[in-house]
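Step one of this worksheet: look at the structure below.
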Amino acid sequence: MRYILTILTFYFVFGAIAQNQKFELAFSHPSGVYQNEIEVQITGTFDKLYYSTDGSRPRHGKRYKGSIKIGKNTVLRVVPYYEGKRLDTTFLRSYIFNFKTKLPIVSIAIPDSSLWSSDRGIYARGKGAFYNDSTKHWENCNYQKKWEREMHVEYIDTAGVLVFNQRAGIRIFGETTRRLPEKSMKIVARKEYGKDRFNGQIFSQKPHIEEHKQFVLRTSGNDYRGTRFKDCLNAYLIRNLGIDYMAYQPVQLFINGQYWGLYNLREKINKHYLCYNHNADFDSSSIIMGRWVRQHGSAKDYMRMYRFFENLDTMDNSAYEKAKSMLDIRNYINYRAVQIFLNNSDSRGNIRYWNSRDLDGKFRMIFYDSDHSHGKYTRKFLEACLSDKRTHWYNPRWSTMYLVKLMEHPKFKEEFVGQLAHLLNSTLHYDTINYAVDRFVKLYENELPRERELLPRYFRNSAISESNWLKKVDEIRKFAKLRSVHLRAEIDRLITGKGTYVLKIKGDTGSVVINGNSPIQLPFQGIYFKGVKLEVKAVGNDRLDFTGWLDGEKGSIRILYGGSDTITLEPKFKPVEVPVETPQIVSQIDADARSGVSPKISTKRSEEKTDGLLVYLSYVLITSGFVLIVAYYRRRAKLSQSV
């Protein structure tokens, strides 16, 4: 008997290794957009399947019996049984019909009760809600709580390729905007749901980031019935200023097959953001919100900086050097300049500072939630930001303290005014903003829901007509055209007092760098402030060498203070002489061999062949072993009989 057990054990153990115990399941139709009814077939090594088509958990769904006919928007959730047990894995396929879009699709499957029930629905007002007569708002609502519900989400890119498909968590996101009919939501990858990351390249602005812990499905906050892209537009404008911002990707959202409209998929500001964007270690980085609220890490470094500014009497040279060791000055100036131009009254409530001791320890700014921007272009927002006492709800003293104290030092004041002036001529110039608006209009114009009936009844008022939407877009264009005129007048009235001058830099080749900013192609014209130092540097490239200025000056750097109403400069360049080399044709394999690098050869097909060969050999060995064992015991039995 023991011989038989030995043989069986040997056979089953090695047989399992050879087969690798693989579970397989395949759908005849991938997730995507279809024009006509489809018949979905599911094949694999499962014992049986249960499925649902309404977002509910399929373990209590219908039994799969061969094929499923689908002709309308459907989330097909499937749970398999394998080797007599129900697997924890749930499979999702999303089928969308007769829907035209040039944007990616995000499809979510979730039980209706997780959204709408009064007991546990995160979108519902809930049983415990009450109306507060003093605030004129509902309080203690479900959507105000930090509840998280499990769901299944998949992301389909513009080419129809599935980027990720997994179980995850979902929460309501935002502060006061939670009260709006249409709410932003946060989706979170956690190990308890399966995978603890979303993998895939999502944001074209940051193609190096291919791993994500969290996303925000954002409605555009207070702009949800406006342009729907205001904060994304501002992020696009500042992308080259060294200010951190949340990357964006507009998507079409479906929940349980129901179309929910256009949302902006955004990065989430947290410790993972710092890791992905700056390779900052969790333990040595921090994020501070508003006045001094710790979002991540330790508040110790920030409170040291805060107390220094709070207790400072005079910003002398020594104090300014100390301030520069704690705060990235150019980063702070750019952040403040942009917020002042945008007239973002809500910026004081959405301040985000971050630092990392792994880097230089200095605090820098994160641009966050600018939905209140592009408002009243005549508002004296600079004056409010320079006030050492509160004059409006949006400028409490703690929110203006850093700028007010830093403006006491002449070098900071000079850099602040010079940088703000330059941004008005470049990043925040009307032509720059108008071009950016055109880009977003082209992306969004045919994607926003126009018909109320397309949306869930809970927020059908989110639909906005094309004419009203274009009016909102034109308001941004008008703001961009008039804001700089009012802001320059405010700067001159409050700070400089000497008027402005026009700087013209002629040329049809080459570029200049003004105040250390990004190079600007020639020709260039801008408005700057008299009496404020301006550094203009002519720069060549790999094709052009700088040779001097038209007026005879040889140095590449010119220092201007605006002595006249118009200053004209013209740098001179000459082509770089490139030596002609005899071309050598070398094959890639030869080049790799000479450099000591092994040639790169695709191994996928060979690996597949190797895997198949190994499986075949394992069966041969198992069978041979079995035959040898049987032969051994037979011969042993014969020998025993002969004896």
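Annotations
- Each Lys and Arg contributes +1 and each Asp and Glu -1, all at the Cβ; summed about the Cα centre of the chain, the dipole is approximately 2120 debye.
- ³J(HN,Hα) computed for each position of the stretch 568-578 - Karplus, 6.51 cos²θ - 1.76 cosθ + 1.60, integer Hz, glycine/proline x: 10, 10, 8, x, 10, 10, 10, x, 7, 7, 9
- Pairwise Cα inverse-distance average, inverted: Kirkwood Rh of the stretch 290-352 (Å): 13.3 Å
- Estimated dipole of the stretch 312-360 in Debye, rounded to 20 [Cβ of Lys and Arg +1, of Asp and Glu -1, Cα centre]: 160 debye
- For the stretch 48-71, backbone nitrogen atoms closer than 17 Å to the point 7 Å from residue 41 Cα along Cα-to-C-beta are found at 49, 64-70.
- Each residue was assigned an accessible area with a 1.4 Å probe, and for residue 197 the value is about 50 Å².
- The stretch 469-568 - convex hull of the alpha-carbon atoms, volume per residue in Å³: 136 Å³
- In sequence order, the stretch 442-455 has phi-based couplings of 4, 6, 9, 4, 9, 10, 6, x, 9, 9, 4, 5, 6, 9 Hz under the Karplus curve 6.51 cos²θ - 1.76 cosθ + 1.60, θ = phi - 60°, and Gly or Pro positions carry x.
- Dipole axis of the stretch 221-335 (+1 Lys, Arg; -1 Asp, Glu on Cβ), positive-most option in 329, 298, 227: 227
- Taking the charge dipole of the chain about its Cα centre, with +1 at Lys and Arg Cβ atoms and -1 at Asp and Glu Cβ atoms, the residue from 382, 264, 66 reaching farthest to the positive side is 66.
- The chain - percent of accessible surface contributed by carbon and sulfur, probe 1.4 Å: 49 percent
- Sequence-distant residues sharing a close amide H with residue 61 (under 5 Å, placed H): 51
- Set 362/533; 324/413; 324/405 screened for pairs whose C-alpha atoms are more than 19 Å apart: 362/533
- Spherically averaged projected area of the stretch 401-546 from its Cα convex hull (nm²): 13.5 nm²
- Proximal lysines relative to residue 230, as straight alpha-carbon distance under 22 Å, when same-chain residues fewer than 8 apart are discounted: 102, 183, 186, 206, 268, 376, 380, 442, 471, 472, 478, 481
- 1.4 Å probe accessible area per residue over the stretch 437-573, in Å²: 54 Å²
- Hz values of 3J(HN,Hα) by residue in the stretch 315-329 - Karplus curve (6.51, -1.76, 1.60), Gly and Pro given as x: 8, 7, 4, 5, 5, 5, 4, 5, 4, 5, 6, 9, 10, 6, 5
- Exposed-loop-free span, longest in the chain, where GluC sites (Glu not before Pro) count as exposed if DSSP calls them loop and at most 15 other C-beta atoms lie within 10 Å: 211-407
- Spatial separation of Cα centroids for the stretch 280-302 and the stretch 318-384, in angstrom: 16 Å
- Dividing the mean sequence gap of close Cα pairs (under 8 Å, 6+ apart) by how many residues the chain holds gives a relative contact order of 8 percent.
- Normalised per residue, the volume of the convex hull around the Cα set of the stretch 323-477 (Å³): 162 Å³
- Among 89, 473, 428 - extreme Cα towards positive end, dipole of the chain, charges at beta-carbon: 89
- Nonlocal amide H pairs with residue 544, under 5 Å, H built at 1.01 Å: 576
- Qualifying lysines (Cα of each under 27 Å from Cα of residue 574; at least 8 residues distant if same chain): 504, 506, 537, 554
- Helices in the chain, meaning DSSP H runs of at least 4 residues, each add -39500 (n - 2.57). Divided by all residues, the mean residue ellipticity at 222 nm is -9500 deg cm²/dmol.
- Shape call, the stretch 98-181: gyration tensor on alpha carbons, a/c limit 1.5: prolate
- In summary, the lysines within cross-link reach of residue 22, defined as a Cα separation below 30 angstrom excluding same-chain residues under 8 places away, comprise 48, 62, 65, 69, 85, 191, 195, 213, 604, 609.
- Its alpha carbons considered, the stretch 396-466 gives a radius of gyration followed by a Dmax of 21.2, 59 Å.
- Net charge dipole size for the stretch 316-423 [Lys, Arg +1 and Asp, Glu -1 on Cβ; Debye, nearest 20]: 220 debye
The values are calculated or read from the model by the stated rules, or taken from the named source; none is laboratory data. What you are looking at is a predicted structure, and each value in this text was computed from that prediction instead of being measured. Backbone-built Cβ (ideal geometry, glycine too); neighbour counts: all protein chains shown. Calculation scope for accessible area: heavy atoms of the full protein, side chains included, ligands and nucleic acids excluded. Shrake-Rupley method; radii C 1.70, N 1.55, O 1.52, S 1.80 Å.
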